[in-house]
Amino acid sequence: MKLIISLSFLLSQLAFAGLPPTTSKGSGDASNITTFNYQFPNFSVTHTGATAAFNILGAAGGGTGLGTLTLNSLLVGAGTGNVTFIAPGSNGNVLTSNGTTWSSAAPPSAAGVLTSTSTNYTALSSDDNIVETAAAKTITLLTGATTGKRVGIISENTGQTTLTPAAGNICGQTSITLNGQRDSISLVADGTNWVDTATRCEVAHRVSYQATTSATSNIVQDGAWVSSVGWTSIGQQTINITSGVFSSAPTCTCTYGPGGQNAFCQFTSLSSSAIAVQLVTPSSGTASIWVTCRGPR
């Protein structure tokens, strides 16, 4: 027989009438009930004869397994074991997960760690952004960086910056090149390799120039991705691309450029090494356009 005794009954018995009788018999029972068990949210009471024992409930019974809880701490489940605690830690800390457990930790810096270098450089796990200020240098990325680790790399020089992972690949290649000033890439590690976070390892570049019936001039570009802009014939120019900028033919667009006449433009051929441009102007004179190209590194 299962004996169910209400909380109000237990409290009244303990407070006003002492412990329940040492023996009791339920209706229809042949023998006396000598032990009474009372269960509450975090403890139980076992009464046998004139003795009452209070017990802390463990996880299996719906309790914490502990008689006291650490002041101002968070409770964390521990399977069938007693709960554990996370202390508040330092002022400003936030609850942080590493994918397995929780801890109280300082929030990450919004700007991240910025490292500026003018030499060949091997990235550290703490680097969030790296700026290379000298030309013809190599930045070596971490081997097998933690999945999700991000790093931004900026070229602030007039030459080239080579990015090479210590192992694995970067954008599916053994190395890639940043060409000229302000070329940049944002990378994320997948545990083995590095990939571009936004454009899947594509790069975009822009150049503007002016063209007359016999020459090109006033070439202005972002970075150093164009080696030259040549005049082929009236209305025809060739944009020669620096080796290694694109691994295959880019996709390009053109818009009106600074100074000169507005012009209609189209591309008659595109490759990783050169872009053939045809300009049509409303009248003879100087035409001006911007050409923007995006393609795989």
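Between residue 128 and residue 105, the contour length at 0.36 nm per residue exceeds the Cα-Cα span by 6.4 nm. Relative contact order of the stretch 156-239, taken over Cα pairs closer than 8 Å and 6 or more residues apart, is 23 percent. Take 208-219, 86-97 and order them by the average number of nearby Cβ atoms within 10 Å per residue, most first; the result is 208-219, 86-97.
In terms of its Cα atoms, the stretch 114-200 spans 32, 23, 20 Å along the principal axes, sorted from long to short. How high is the FRET efficiency between residue 166 and residue 118 when r is their beta carbon distance and R₀ equals 22 Å, given to the nearest 0.05? My answer for the efficiency is 0.60.
Stretched out straight at 0.36 nm per residue, the stretch from residue 93 to residue 215 would grow longer than its current Cα-Cα span by 37.6 nm.
Each label point was placed 7 Å from the Cα along the Cα-to-Cβ direction; for residue 76 and residue 44 their separation is 2.9 nm.
Report note on the peptides 163-171, 266-274, 76-84: ranked by the mean count of other C-beta atoms within 10 Å, highest first, their order is 163-171, 266-274, 76-84. Assuming a ≥ b ≥ c are the square roots of the Cα gyration tensor eigenvalues, decide whether the stretch 96-160 counts as rounded (a/c under 1.5), prolate (otherwise, with a/b larger than b/c) or oblate. Prolate is the answer for the stretch 96-160, as a/c is 1.5 or above and a/b outweighs b/c. Subtract the Cα-Cα distance of residue 147 and residue 174 from 0.36 nm times their separation in residues, and report this length gain in nm to one decimal. Gain on extension, residue 147 to residue 174, equals 7.8 nm.
Coordinate-derived values only; no laboratory data. The structure displayed is predicted, hence computed values, not measured ones. We place every Cβ from the backbone using ideal geometry, glycine too, and count neighbours over all the protein chains shown.
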